[in-house]
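Written out below as structure tokens is the structure these notes cover.
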């Protein structure tokens, strides 16, 4: 891409799209094209084709998608398969019609089989059954991959597909019903920390009032709530599944790198190359947020895929590696989340 290339970032308001937009801006790309959902509904084929005919982008980052965690996938399976297939179909076809030089399609690591060998290599795609809890989303993403490859073979386009691991960072979705595990845990632990602080404040005021009345402080302490155990965080499943996480700014850096250095038809994984158990993740977020209560697990809820770790050797062989550690990334994300809550309150 040249610095003055016309570049369309589809989904620039989302977690991934906003990070790609920031990255392109920071590298001096000056002709970035964006549209909000209100300005352009990507579900409407005619509108999408008209947009491409008018704007004539040279490069496209297809980051627009409906995404979510286990609960969201289970609750809205029709929306996950319909919205994603329609959006990617409309954008990919319109890019072909407008003779876009190159398109980068954002897939997902959930495209790989549930019982996939670890770490997951690109060639494992379609080698086994998918994880049932996110099957509609995964099928939509696989359709996008195959559409890109099919257009490359038939029409000679340059449409590449990248498979990111689990992502997180500023701009993430923290809604407990629709978010992924990491932002959900950040919110749960933060809110539990606030409850814990409120309990301590109430207990302290009760103690002061009792002492002013001449009561026994030791008797009140025995009867007051034990604040260290009064608040807890409950996590779905057993805590044993292992997941890989990548800070979204690292992903954006990788996407720009791939757009400039990769033109193969085969998919390419983007990840950190390291994983962590949900239990270890919970303990890490507990430490970062400063929550002092208990962590409880609900084994009646699904764990999802036992392990998801990407083999990133193909990308590393091109010269790219992730740079932001999990702790550093979570600390940045937590600070962003706290600041956003303060803005909303003020």
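Every number here is computed from the coordinates shown, using simple stated rules; none is lab data. These figures come from a predicted structure and were not determined experimentally. Every residue, glycine among them, receives a Cβ derived from its backbone with ideal geometry; neighbour counts consider all protein chains shown.
Overview of results
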{"quantity": "Kirkwood-Stokes translational diffusion coefficient of the range 259-305, alpha-carbon pairs, 10 °C, 1.306 mPa s, µm²/s", "calculated": "108"}
{"quantity": "Folded to 0 to 90 degrees: helix 135-155 orientation relative to the chain principal axis, Cα", "calculated": "20"}
{"quantity": "Value of D in µm² per second that Stokes-Einstein yields for the range 75-129, Kirkwood Rh from Cα pairs, at 4 °C (1.567 mPa s)", "calculated": "96"}
{"quantity": "Packing rank of 85-95, 24-34, where each peptide gets the mean count of other beta carbons within 10 Å, highest leading", "calculated": "85-95, 24-34"}
{"quantity": "Footprinting exposure proxy for 292, 264, 58 (fewest neighbouring C-beta atoms within 10 Å first)", "calculated": "264, 292, 58"}
{"quantity": "More than 35 Å apart - percent of Cα-Cα pairs taken over the chain", "calculated": "29"}
{"quantity": "Inverse of mean 1/r across different Cα pairs in the range 229-330, Kirkwood, Å", "calculated": "15.6"}
{"quantity": "Per-residue [θ]222 nm for the chain (sum of -39500 (n - 2.57) over DSSP H runs n ≥ 4, rounded to 500)", "calculated": "-15500 deg cm²/dmol"}
{"quantity": "Acute angle (nearest 10 degrees) that the helix 278-289 long axis makes with the longest principal axis of the chain, alpha-carbon atoms", "calculated": "70"}
{"quantity": "Alpha-carbon gyration tensor eigenvalues x 5, square-rooted, for the range 21-172, Å", "calculated": "26, 18, 16"}
{"quantity": "Principal-axis tilt of helix 77-97 within the chain, Cα atoms, nearest 10 degrees", "calculated": "30"}
